[in-house]
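Right, I'll just put the structure down here and ask away after.
Derivation of every value follows stated rules applied to the coordinates shown; laboratory data play no part. Given the structure is predicted, the values throughout are model-derived calculations rather than measurements. Heads up, the Cβs are rebuilt from the backbone with ideal geometry, glycines too, and the neighbour counts pull from every protein chain shown.
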Amino acid sequence: MLVRVEGTVQGVGFRPFVFRLAMEMGLKGFVRNTADGVVIEIEGGEGQDFIERMRADAPPLSKITGVSCQVLPHFGYEDFRILESRHDGRFFFSPVCPDISVCDDCLREMRAAGDRRHLYPFINCTNCGPRYSIIERIPYDRANTTMKAFTMCPECEKEYKNPMDRRFHAEPDACPVCGPSLTLVVHGEPAGVSNPIETVCRFLIEGKIVAIKGIGGFHLVCDALNPDAVQSLRERKRKNNKPFALMAGSVKIIRKFCEVGIREETLLRSVQRPVVLLEKKNPCAIPDAVAPKNRYIGFMLPYTPLHWMLFDEKKRLFEALVMTSANISEEPIVIDNAHAMEALSGLADAFLLHNRDIHTRVDDSVIKPAGKGTIFIRRARGFAPGLVKLPGEGPEVIGAGADLKNTFTLTKGDSAIPSQHIGDMENPRTLVFYEETLEKLKNLYRVRPEAIAFDLHPGYFSTSWAQKQDGLVKIGIQHHYAHIASVMAEKGLRGPCVGVAFDGTGYGTDGTLWGGEFLAASIDGFERAGHVRPFPLPGGEQAIREPWKAAIGIVKQAANGDALSLLSKIKPFISRHNLENIKVILDVCDRPVFSPLSSGAGRLFDAVSALLGLTDVNTFEGEAAISLESGAEKGNEDVYPVDIGLKNSPLVLDFSVTILEIINDIIKGRPVGLIAAKFHNAVAAAIVRTVERISMDRGIRDIVLSGGVFQNSYLLSSVLRLFPSNLRVFVNEAVPSNDGGISLGQAYILRERMKKP
Ligand code: ZN
Ligand code: ZN
Ligand code: FE
């Protein structure tokens, strides 16, 4: 019988798995990779039994999407063999495997005294270890990875060549005799210690900061429960309040600090090993400097053998370590030994290096549970370069992405290939990383793009980059339309749908700053069906960095005349900013050239955060909104009024009355938690009412939510709860709803429009 298997079945140990299964079941025949997937021929047993067991026991990294069978005449095979791949000159479209956390079998060996890989920090097998980060080109053979620098010793080679061994064709296979090794560097010199990990642990206990080379880049590491160490890391590295990610050795320990339900535990333990944002317990022994003004702490479990050695079960030296991406001033994460020692010399007291090169940089992924689902904050290690299925076959295109939290997306066949998180494009090094990664993914997946989609913002680096690409059809896609389209792509929707894009600010088709948008959208285009009433941002960009200025802008509009006397009643606000400064900003509001109008929903959250005294200045993108979400009391159902101009076309959501009532509550001394909750509830209710109206007027039942504001899980779960059941509501699951998802939306719109009729 001939069996064809489709899906993720190459480079994941599928053929040796089939071989072992056939041996066990006493079958004869062969298995081989072809351009159409894995082809297996079997004789001498029940075909159906074989298929059932193949489906049930398939290797953890494989994913079978289709199996077809054909009965063939008896050939009389004498044994079972793995045959050479046959591609007939065609491209075998198999996903490149992401980097996968070390498996239990390998951990067991690593901990077993007497095993030849006892305490070897680079142990791996067919089911685990680095992949995407070390692949230089396809096909996925050792010679095409950064492991080519290491010649296998006879013992490793024996395993590698034995189909019955769990390291059969494990390309990064290595042992202490032949594989990569660690070097500890202190003061620019190799420390010459016999056990570098032991020394690193001692440094960490002493409160030092160590740069440790990992899978997709370097981490800066310190003891998370040592407030002085955390504080000095923050001072040396960040100079802002951006949260640090933590690593702990077990879910049990994480539970000491944070709420971990079943879903959170599943995410923490998943083979992708993302950073999971968890709610802090009260009290929580983690120093506040780890994640200032934040309800959440990002935790992950160890994902390399080296990490596990830091958290040695018997010694239990630390409960949690800070593991933050090693970079300077928001440049891409450092991956190269020499560059690390130069760039991080002022940040780290010591360097734990290894000599396996990282070919492609991949940051840690970040996921946040919300309602019944999860939201991606950052999609990178463990997930990239995985595919997103699109409806049907289509042309090959590029979505260039936006400038903040950039990713790009390629399409090929029936799939989209979103890149890992690239970063903020204003940084010249980020652009280099962008171009490198684009070239690499084009080669790995053999994509030859015909066209490119980009943001309408004329000042975006991604836009001017896209416009310089010769030989491609070019099309600009409006920012919030692309947000909506990212969900449409994931769900295979063609529209019409009502898309709610609540976001910071993006460039609108009329040249103003949008960001609180209700779009009636389909593949062919969109109509602005509603939006937040634009309010002045005094100083433009400045008001985005300094929410207290956005607050003055919206109060100016809400007060309709006497903003100064209203603001002067908020005593803490006055004492923080003083009346003179406020007067100046109010004057700026009157000069349209210096105070662009914006409907950005993110700015509304910023403004309320500043009025409540939570965050006056954003030291990183989203800080004010995060502190507002973190401050909101749970379980409160009170709500502020919002004016929805139903007669207008487009509909206009006016938050003036909301702001006035908030100020009233502040003056009355109502608790911040209550006001923040009432505000969230008001926004949620206003969104749902507006959507219902648009849906009724236009007869559209598919609703799509996207944009960075929906990373606020308080808001997202409230909105989802309020929608009536006759509407079908879709949100991002495969890519972030923030600007990291823009490129998928751009690519999807372009690809669908280019499909031949
Ligand atoms: Zn393994
Ligand atoms: Zn070896
Ligand atoms: Fe956006």
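Strictly under 4.7 angstrom between C-beta atoms: which cysteines of the chain have no such partner?
Cys69, Cys97, Cys106, Cys125, Cys156, Cys175, Cys201, Cys222, Cys258, Cys284, Cys497, Cys589
Same structure again: Counting only C-alpha contacts under 8 Å and six or more residues apart, can you give the relative contact order of region 606-757 as a whole percent?
Relative contact order, region 606-757: 18 percent.
Place the peptides 483-494, 666-677, 315-326 in order of packing, highest mean first, counting for every residue the other Cβ atoms within 10 Å and averaging per peptide. Display every interim value, and only then the final one.
Details: 483-494: 25.8, 666-677: 15.9, 315-326: 21.0.
The most tightly packed comes first, giving 483-494, 315-326, 666-677.
Anything over 29 Å Cα to Cα? Flag those among Lys148/Lys252; Lys237/Lys468; Lys252/Lys634, in the order listed. Walk me through the intermediate numbers first.
Details: Lys148/Lys252 39 Å; Lys237/Lys468 35 Å; Lys252/Lys634 25 Å.
In this structure, Lys148/Lys252; Lys237/Lys468 exceed 29 Å between Cα atoms.
Still on this model: In terms of modelled amide H atoms, which long-range or inter-chain residues lie less than 5 Å from the amide H of Asp349?
Answer set, sorted by chain and number: Ile209, Val210, Ala211.
Of the cross-linked pairs Lys208/Lys280; Lys28/Lys158; Lys368/Lys389; Lys208/Lys405; Lys280/Lys571, which ones have a Cα-Cα span greater than 27 Å in the structure shown?
Violating the 27 Å Cα-Cα cut-off are Lys208/Lys405; Lys280/Lys571.
Next question. Please identify every one of the trypsin sites (Lys or Arg not before Pro) in region 137-181 that sits in a loop by DSSP and has no more than 13 other beta carbons within 10 Å of its own beta carbon. Spell out each step's value before the answer.
Working: sites: Arg137, Arg142, Lys148, Lys158, Lys161, Arg166, Arg167; in loops: Arg137, Arg166, Arg167.
Taking region 137-181 and a limit of 13 other Cβ atoms within 10 Å, the loop trypsin sites (Lys or Arg not before Pro) found are Arg137.
Something else: What are the ³J(HN,Hα) couplings of region 246-256, residue after residue, when phi is run through the Karplus curve with 6.51, -1.76, 1.60 and θ = phi - 60°? Round to Hz, x for glycine and proline.
With the stated coefficients, region 246-256 comes to 10, 10, 10, x, 7, 5, 4, 5, 4, 4, 5 Hz.
On to the next question. For region 639-647, in order, what is each residue's ³J(HN,Hα) by Karplus, 6.51 cos²θ - 1.76 cosθ + 1.60 with θ = phi - 60°, in whole Hz (x at glycine and Pro)?
Residue by residue, region 639-647 yields 8, 7, x, 9, 7, 10, x, 6, 7 Hz.
Between Ser270 and Glu527, how many nm apart are label points set 7 Å from Cα along the C-beta direction?
Taking the two extended label points, one gets 3.8 nm.
Ok, one more. Using a Förster distance of 22 Å, how high is the FRET efficiency between Arg701 and Val657, based on the Cβ-Cβ distance and rounded to 0.05?
So, using R0 = 22 Å, E works out to roughly 0.15.
Right, next: Take each complete run of DSSP H in the chain, measure how far its Cα atoms stretch along the helix's own axis, and keep only those covering 27 Å or more with mean Kyte-Doolittle hydropathy at least 0.5; list them. All intermediate terms of the calculation are to be shown ahead of the outcome.
Numbers: long enough: 672-698 (39 Å, 0.61).
Correct list, ordered by number: 672-698.
For region 625-730, what is Rg from Cα atoms divided by 2.2 N^0.38 Å, rounded to two decimals? Walk me through the intermediate numbers first.
Working: Rg = 14.5 Å, N = 106, 2.2 N^0.38 = 12.9 Å.
Normalised by 2.2 N^0.38 Å, the Cα Rg of region 625-730 equals 1.12.
What is the P(r) of the chain, as percent of Cα-Cα pairs per 10 Å bin from 0?
The calculated distribution, bin by bin, is 3, 13, 22, 24, 20, 11, 5, 2, 0, 0.
Continuing with the same structure: Quote the relative contact order of region 381-533 in percent (integer), defining contacts as alpha-carbon pairs under 8 Å separated by 6+ residues.
Relative contact order for region 381-533 comes out at 17 percent.
Which value in deg cm²/dmol, rounded to the nearest 500, describes the helix-derived mean residue ellipticity at 222 nm for the chain, given -39,500 (n - 2.57) per DSSP H run of n ≥ 4 and division by the residue count?
Rounded to the nearest 500, the figure is -9500 deg cm²/dmol.
Evaluate 2.2 N^0.38 Å with N set to the residue count of region 319-463, then give the Cα radius of gyration divided by it.
1.16
Give me Asp49, Asp349, Asp141 ranked fewest to most by other Cβ atoms within 10 Å of their Cβ, as a rough exposure proxy.
In order of increasing Cβ crowding within 10 Å: Asp49, Asp141, Asp349.
Determine ³J(HN,Hα), in whole Hz, for all residues of region 294-310 in sequence, where each value follows from phi through the Karplus function 6.51 cos²θ - 1.76 cosθ + 1.60 and θ = phi - 60°; x replaces Gly and Pro.
In residue order, the calculated couplings are 10, 6, 10, 10, x, 10, 9, 8, x, 10, 10, x, 4, 4, 4, 6, 5 Hz.
Just report the Cα centroid separation between region 464-490 and region 1-57, whole Å.
What the calculation gives is 41 Å, centre to centre.
Could I ask something else about it? Taking every DSSP beta bridge with both residues inside the chain, roughly what % is antiparallel (nearest 5)?
Antiparallel bridges make up about 70 percent of those DSSP assigns within the chain.
Shifting gears a bit: Given a Förster radius of 60 Å and the C-beta distance between Val593 and Lys158 as r, what FRET efficiency does 1/(1 + (r/R0)^6) yield to the nearest 0.05?
Efficiency computed from Cβ-Cβ geometry: 0.20.
Follow-up question, since we're still on this one. Return the long-range amide H neighbours of Gln272 (sequence gap of 5 or more, or a different chain), with a cut-off of under 5 Å between placed amide H atoms.
none
For Gly499, list long-range residues whose amide hydrogen, built 1.01 Å from N in the peptide plane, is under 5 Å from its own amide hydrogen.
Here the answer is Leu519, Ala520, Ala521, Val704, since their amide H atoms fall under 5 Å of that of Gly499.
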